[in-house]
């Protein structure tokens, strides 16, 4: 197996649940990815998810309201365009994820993430603290997300925040609301939330993080769109549970 991560990077992931691969995407790749995304947004090729669909704080109240047609995510990215597929198979990313998972065969889940995540200036929403695994149904929790920043990501444009080490937390049901977000004023969560860390990314950086790690993000308060290409990976030992959304489409076996 190719070794792309240093011992320090591996240790950081084990302890905190995430690691940043700096400047993995070249400026030329970023230009191509951004141009493709702008074209896909303009053409409004389905499938996509609207901000109004998720009803997070700050989202338009309905698809018919002002800003209601704002696209939040371009879905099925792996089969949507070859430039997205090429990134999903980028050797530096896939080799690093294989190292983190300790697997022989890497698979991509087409059912979760598999999208170009957009945050548009006028109508973007705030996402509370959650684990991606809250609604996923797999045989275990060993899934890793890759998050490529097509531009700089900071607090002001809705960049990601992470609760370091939360992929190893045992969180009681009463500390979560009905949608499986952390209840921020719950006594069990008050100390934990003081650990929150803003994960600043530069254009071309790729964040790898456990899908079981709590994360959140604010709204985009700038006048520029923010784009992030997101895929979810797992090893051969992790299986989507039959009859659930996690097993609707068969996993993609990567080269």
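Worth a mention:
- Listed values [x] 13.5; [y] 17.4; [z] 15.5, entry calculated as mean projected area of the Cα convex hull in nm²: [x]
- Here 254, 143 are placed in order of increasing Cβ neighbour count within 10 Å, fewest first, which gives 254, 143.
- Burial ordering of 169, 87, fewest other beta-carbon atoms within 10 Å first: 169, 87
- The range 49-71 versus the range 111-140: alpha-carbon centroid distance in Å: 15 Å
- Global geometry of the range 179-255, whether rounded, prolate or oblate, following the gyration tensor of its Cα atoms and the 1.5 cut on a/c: oblate
- Convex hull of the range 72-213 built on C-alpha atoms - directionally averaged projected area, nm²: 9.6 nm²
- Along each principal axis, Cα extent of the range 1-103, largest first, Å: 51, 30, 24
- Note on the range 16-55: Kirkwood radius taken over Cα pairs, Stokes-Einstein applied at 10 °C and 1.306 mPa s, translational D equal to 123 µm² s⁻¹.
- 20 °C / 1.002 mPa s Stokes-Einstein diffusion coefficient of the range 48-132, Kirkwood radius on C-alpha pairs, µm²/s: 145 µm²/s
- Relative contact order of the chain, pairs being alpha-carbon contacts under 8 Å that are 6 or more residues apart, as %: 31 percent
- Within the listed set 11, 146, 166, the Gaussian network model of the chain (springs between alpha-carbon atoms below 10 Å) gives the highest mean-square fluctuation for 11.
- Among 77, 196, 25, the largest mean-square fluctuation in a Gaussian network model of the chain (Cα springs under 10 Å) belongs to 196.
FYI, it's all coordinate maths here, none of it is from the lab. Model, not experiment: these values are computed from the prediction. Heads up, the Cβs are rebuilt from the backbone with ideal geometry, glycines too, and the neighbour counts pull from every protein chain shown.
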